[in-house]
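One structure follows; several queries about it will come next.
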Amino acid sequence: MTVKTAPLGICDHCGGDIHDTWYTRRGPRRYCCRDCRNTANSRAGAPVRAVKAKQRVAAGIWVSPLADETPEAEALRLARMGMKSRQVRRAEVEAGAWRNPALTPAARAKLSRPRTILDPVLHQAQEKLNSGQRVADLTPEEQAAYRAHRREMERAQRERWTPEERERRHEKWREYARRARERRKSKGGEG
């Protein structure tokens, strides 16, 4: 029998809350949902499956499913994987006929267009954020430029909303605020 590792009420797999009863007839509940249970069981069994697979390969029992593949089935599988275009490109390179797609007139016209972000500070902020940094990691002027840009983008998006969409979103926000007030009141805070 397996042992619960996380505290009661916490899922052993994802660390989320267990919303159901914390105990089962077999002991403390380990997972919050069926997906977490299945994933954890699969991961627990993976080393055993790997050892068995290696043993089958070493014993010569395992046979590749691609061994009896017909040429038609192989062509279909490669086409699904995009190998056809790769083979065509390789043949063009070997024949000396391959051309860089960025050098076509359409690509040159696209690449010669000005950048969509003209502000160098905002551009630098976007590059840093795209590389995985957070807004808190940006310099103060980059933060200001980024936040001003986000506000402008959000304002433009709100202008594109139809009146029905705007009312639907406002209703959703009102419902969220009402629930938050109820939660605060139930915890003894001010509403």
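Report the one residue of Gly60, Pro7, Ala144 whose Cα lies farthest in the direction of the positive end of the charge dipole of segment 1-154 (charges on C-beta: Lys and Arg +1, Asp and Glu -1; origin at the Cα centre).
Gly60
Hull surface divided by four, with the convex hull built on the Cα atoms of segment 75-155: how many nm²?
On the way: hull surface 37.9 nm².
Over every viewing direction, the Cα hull of segment 75-155 projects on average to 9.5 nm².
Right, next: What is the sum of charges around Arg174, taking Lys and Arg as +1, Asp and Glu as -1, for the other residues whose C-beta is under 13 Å from the C-beta of Arg174?
Neighbourhood net charge equals +3.
Report, in whole Å, the centroid distance computed from the Cα atoms of segment 74-117 and segment 16-48.
Cα centroid to Cα centroid, the span is 47 Å.
Compute from the Cα atoms of the chain the Rg and the Dmax, the latter being the longest Cα-Cα distance, and quote both in angstrom.
In Å, with Rg to one decimal and Dmax whole: 28.8, 78.
Here's a follow-up. Would you mind checking the radius of gyration and Dmax of segment 1-59 based on alpha-carbon positions, in Å?
14.8, 48
Using Cα pairs closer than 8 Å and at least 6 residues apart in sequence, work out the relative contact order for the chain, in percent.
On the way: 78 pairs, mean separation 14.1, N = 191.
Reported relative contact order: 7 percent.
Between Thr21 and Leu78, what is the spin-label point distance in nm, taking each point 7 Å from the Cα along the Cα→C-beta axis?
Between Thr21 and Leu78, the label points sit 6.0 nm apart.
Just how large is the dipole of the chain about the Cα centre, in debye to the nearest 20, putting +1 at every Lys and Arg Cβ and -1 at every Asp and Glu Cβ? Please report the intermediate quantities before stating the final value.
Numbers: 43 positive and 25 negative charges, 143 e Å.
With Lys and Arg at +1 and Asp and Glu at -1, about 680 debye.
Ile10's amide H: which non-local residues (gap 5+, or another chain) put their own amide H closer than 5 Å, with H modeled 1.01 Å from N in plane and none for Pro or chain starts?
HN-HN under 5 Å from Ile10: Ile18.
In addition: So what's the net charge close to Arg99: Lys and Arg +1, Asp and Glu -1, counting the other residues with Cβ under 15 Å from its Cβ? Don't skip to the answer; put the middle values down first.
Values: positive: Arg89, Arg90, Arg108; negative: Glu92, Glu94.
Taking every Cβ under 15 Å from that of Arg99, the sum is +1.
Any aspartates and glutamates with Cα under 19 Å of the Lys172 Cα? List them, leaving off those in the same chain fewer than 8 positions away.
In chain and number order, the partners are Glu154, Glu159, Glu164, Glu182.
The numbers here are math on the coordinates, done by the rules we state, and not lab data. All figures in this text were calculated on a predicted structure; none of them were measured in a lab. Glycine also receives a Cβ, built like all others from the backbone with ideal geometry; neighbour counts cover every protein chain displayed.
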